[in-house]
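Participant: Questions regarding the structure given below will be posed in turn.
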Amino acid sequence: MNTILKVNANFDIIFIQELSWSITHSIPSSWNCEGETLVGVVNYSNWLTFTRISEFKDDFPRVIIYINIRLSSFCFSLCKDVINHRDILLVSFFNNNDIFWLMNVYSDSSHFALKYLKDTEASIQNLLIMTGDFNIWDSL
């Protein structure tokens, strides 16, 4: 991820699916002299990082959005109140008093994310980008 973010610094937005969660470093602990391991994703100084925080140890999100800091004036915001799913990431931003949306989707072989979107009553207007790894196979 470091290489992707460094090499693609001229891009504005990068969507990643099936990202790698790993031990980033050890943090001090009051009850463990060796410290506690911090598991996370790569953060890079020139990028805003948007991902859902895992509620359970084995429930890591499979989508992330990196937004170049030169776009930070658009006030990007993670919208877990609209969609809160480990395989769907919804980010909003403002431009000329209008709200716009970006959505990154990963759908596994069971298509849980796509079924969730189909069954969700969320009204999302001005969706500019919806992309992802949909894993939908077609015989053609």
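Participant: Looking for something small (G, A, S) and either within 21 Å of I4 (Cβ to Cβ) or free of Cβ contacts under 8 Å to residues at least 24 places away in the same chain (or both) - is there at least one such residue anywhere in the range 107-123?
Facilitator: Yes, the range 107-123 contains a residue that is small (G, A, S) and either within 21 Å of I4 (Cβ to Cβ) or free of Cβ contacts under 8 Å to residues at least 24 places away in the same chain (or both).
Participant: Does L102 meet the test of being closer than 27 Å to V7 by Cβ and either surrounded by fewer than 20 Cβ atoms within 10 Å (Cβ to Cβ) or touching a Pro at 6+ places or on another chain (Cβ under 7 Å) (or both)?
Facilitator: no
Participant: Please verify whether Y66 is hydroxyl-bearing (S, T, Y) and modelled with pLDDT of 90 or more, treating the condition exactly as stated.
Facilitator: Yes: the conditions hold for Y66.
Participant: Working only within the range 1-48, note down all residues that are farther than 30 Å from R70 by Cβ, modelled with pLDDT under 75 and hydroxyl-bearing (S, T, Y).
Facilitator: S26, T37
Participant: Which of the residues spanning the range 85-133 are more than 19 Å from the chain's Cα centre (by Cα) and assigned to a strand (DSSP E or B)?
Facilitator: Result: N95, D98.
Participant: Moving to a separate point now. Here are some residues: C79, C75. Which one is on the phi > 0 side of the Ramachandran plot and at pLDDT 90 or above?
Facilitator: Result: C75 is the single residue among C79, C75 that is on the phi > 0 side of the Ramachandran plot and at pLDDT 90 or above.
Participant: May I pose another question? State all residues of the range 108-126 that are within 14 Å of P61 (Cβ to Cβ) and either touching a strand residue (DSSP E or B) at 6+ places or on another chain (Cβ under 7 Å) or exposed (fewer than 13 other Cβ atoms within 10 Å of the Cβ) (or both); if no residue qualifies, say none.
Facilitator: A113, Y116
Participant: Among the numbered criteria (1) modelled with pLDDT of 90 or more; (2) under 23 Å from E18 (Cα atoms); (3) crowded, with 18+ Cβ neighbours inside 10 Å, which one does F93 miss?
Facilitator: (2)
The values are calculated or read from the model by the stated rules, or taken from the named source; none is laboratory data. The model shown is predicted, which means the values in this text are computed figures rather than measured ones. In this analysis, Cβ positions are derived from the backbone assuming ideal geometry, glycine residues included, and neighbour counts consider all displayed protein chains.
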